Amino acid sequence: MKKITIIGTGYVGLVSGTGISDFGHNVICSDIAEEKIEMLNSGIIPIYEPGLKDVVERNVQAGRLSFSSDVAESIQSADVIFIAVGTPESENGSADLSAVFSVAKTIAENLNTYKVICTKSTVPVGTGDKIINIIKTVAGNNAEFDYVSNPEFLREGAAVNDFLRPDRVVIGATSDKAFDILKDVYRPLYINETPMVHTNIATAEMIKYASNAFLALKISYINEVANICEAVGADVQTVARAMGSDGRISPKFLHAGPGFGGSCFPKDTKALVHLANEVGEDIRTIQAAVEANQSQKSRMVDKFIRLLNNSVDGKIVSLLGLSFKPNTDDVRDSSAIEMIEGLLSLGAHVRAYDPIANSNMKKRFPLVEYVDNWQSAVKDSSGVVILTEWNEFRGLDLQELATLVKEKIVLDTRNILSMNELYRLEFTFDNVGRKKSDR
Ligand code: UDX
């Protein structure tokens, strides 16, 4: 059993710390934000993530997981320290590393025994060397530590499972001692034969960007294919399914939709383009994926306005789903943002319902009317747009919808509604890369 400290109790830190305590280690999740630590100590989870509360409670009760705002002490008592603070996008598209560097300095100031210092936050290639330099500058060249890059691959909404049952664990470590210690941290996975990729630091950092950017590229690709399908009368769902049955392609991340959002893909794709430029290289494929994503978001707004006969002013329009994907309250870079901006600028009365993301979107768009069920959202509406594929909307009662709205107009940006039903109920509808209604 190891003594582990995770610094940063955001999304990545809290899920990782909880997961590592579930592997049997003694974990302190530490953060300078005292209010977050107070919440956690009183049993409140500051983020929405299905299943997380149960695993936190289980490990707190077992005495393996605790929370502390005393970062210095948490560092001193640990064998392994994970840096899991935020790396937001800065003005020029690069990752803002000020929090990571500040934590590195604090670790160096409290380096009392040999420790493994491990970065989980997504950081540009080369950051590991900078962290090592900071630590050596502050703690001296003889400071006893090893540095490891151990990127996370957690999807919001499925993060607990992704942590406890990953496809692989990437450990970028130059010392075998540090690799063995990390292998021990992930012991239950190692025993289960989860692949452990032992590599150097730069390779580990690159794996994270290359993976995320590739998934984003896949999504932009299928979105552009969907747009061509619309023009030639093909069905993108069938195209994607048949493509995906080729083992070399795989069916995952081939769902056409309103463009990717969230805290990772938009930021990581831009950071990779920035990194490529910095080292004098191009990554034109990802640059194109970023541009295609932006135009996919605008395309959804144009589609909806066209469905409404280009007349939006004064009409009630209804948005179902605001989060960038289901099972999260995160609205960062959600395609709902472009939709709201477009509709408000044309004078629409925008009414919205999301099972859990209303309050986050309200902070950004207070002028939208937020309601707490889909029926209230669509009442007397002149047009409905589905933006997030919550299960609740997959099973939408279209008969009931038809009786509630003023005009039977639907844009399904997630391709989840039955087109046959929409035809039968005489809706005017559109979607992404499928057949739309004739009217
Ligand atoms: C992603 C990565 O999957 C994860 O490994 C990484 O560590 C963090 O970034 P996340 O952003 O939580 O996770 O969500 P993800 O499920 O990957 O979806 C990202 C976006 O792509 C969402 O907006 C989603 O709606 C969209 N998407 C996903 C599609 O449009 N089509 C798809 O087929 C899959």
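Bear in mind that the values in this text are calculations on the coordinates, not laboratory data. Bear in mind that the values here come from a model prediction, so they are computed numbers and not experimental data. Neighbour counts are summed over all protein chains in view; Cβ atoms, including those assigned to glycine, are modelled from backbone coordinates with ideal geometry.
Quick look at the values:
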{"item": "Estimated vicinal HN-Hα couplings, Hz - segment 75-90 in sequence order (Karplus 6.51, -1.76, 1.60; Gly, Pro = x)", "result": "5, 4, 8, 9, 8, 10, 10, 9, 8, 9, 8, x, 10, x, 6, 8"}
{"item": "Tilt relative to the chain, helix 98-109 - C-alpha long axis, 0 to 90 degrees, to 10", "result": "20 degrees"}
{"item": "Virtual spin-label span in nm between Tyr190 and Glu38, 7 Å along Cα→Cβ", "result": "4.1 nm"}
{"item": "Farthest toward positive dipole pole in segment 36-95 [+1 Lys/Arg, -1 Asp/Glu at C-beta], among Ser66, Ala95, Ile37", "result": "Ser66"}
{"item": "Within the chain, longest stretch free of exposed GluC sites (Glu not before Pro) [DSSP loop, at most 13 other beta carbons within 10 Å]", "result": "282-425"}
{"item": "Spatial extent of the chain: Rg and Dmax, with the Cα atoms as the point set, Å", "result": "23.7, 75"}
{"item": "Over 22 Å (Cα to Cα) - which of Lys120/Lys177; Lys2/Lys208; Lys120/Lys267; Lys115/Lys267; Lys218/Lys362; Lys53/Lys325 fall in this group", "result": "Lys2/Lys208; Lys115/Lys267; Lys218/Lys362"}
{"item": "Potential extension, Asn112-Glu281 segment - 0.36 nm per residue separation minus Cα distance", "result": "56.7 nm"}
{"item": "Three-way shape label, segment 201-439, alpha-carbon gyration tensor, a/c 1.5", "result": "prolate"}
{"item": "Dipole magnitude (debye, nearest 20) for the chain, charges at Cβ of Lys, Arg, Asp, Glu", "result": "660 debye"}
{"item": "Phi to ³J(HN,Hα) by Karplus 6.51 cos²θ - 1.76 cosθ + 1.60 over segment 240-256, Hz, x for Gly, Pro", "result": "5, 4, 5, 4, x, 6, 7, x, 6, 9, 6, x, 6, 6, 10, 8, 5"}
{"item": "Convex hull (Cα only) mean projected area of segment 209-268, reported in nm² to one decimal", "result": "4.2 nm²"}
{"item": "Asp96/Ser418 FRET efficiency (R0 51 Å; Cβ-Cβ; nearest 0.05)", "result": "0.70"}
{"item": "The chain - mean residue ellipticity at 222 nm from DSSP helices (-39,500 (n - 2.57) per run, n ≥ 4, rounded to 500)", "result": "-13500 deg cm²/dmol"}
{"item": "Between helix 201-232 and the chain: long-axis angle, C-alpha atoms, 0 to 90°, nearest 10", "result": "10 degrees"}
{"item": "Degrees separating the helix 176-185 axis from the principal Cα axis of the chain, which is the longest one", "result": "60 degrees"}
{"item": "Distant-in-sequence amide H partners of Phe67 (H built 1.01 Å from N, under 5 Å)", "result": "Cys29"}
{"item": "Inverse of mean 1/r across different Cα pairs in segment 3-199, Kirkwood, Å", "result": "16.8 Å"}
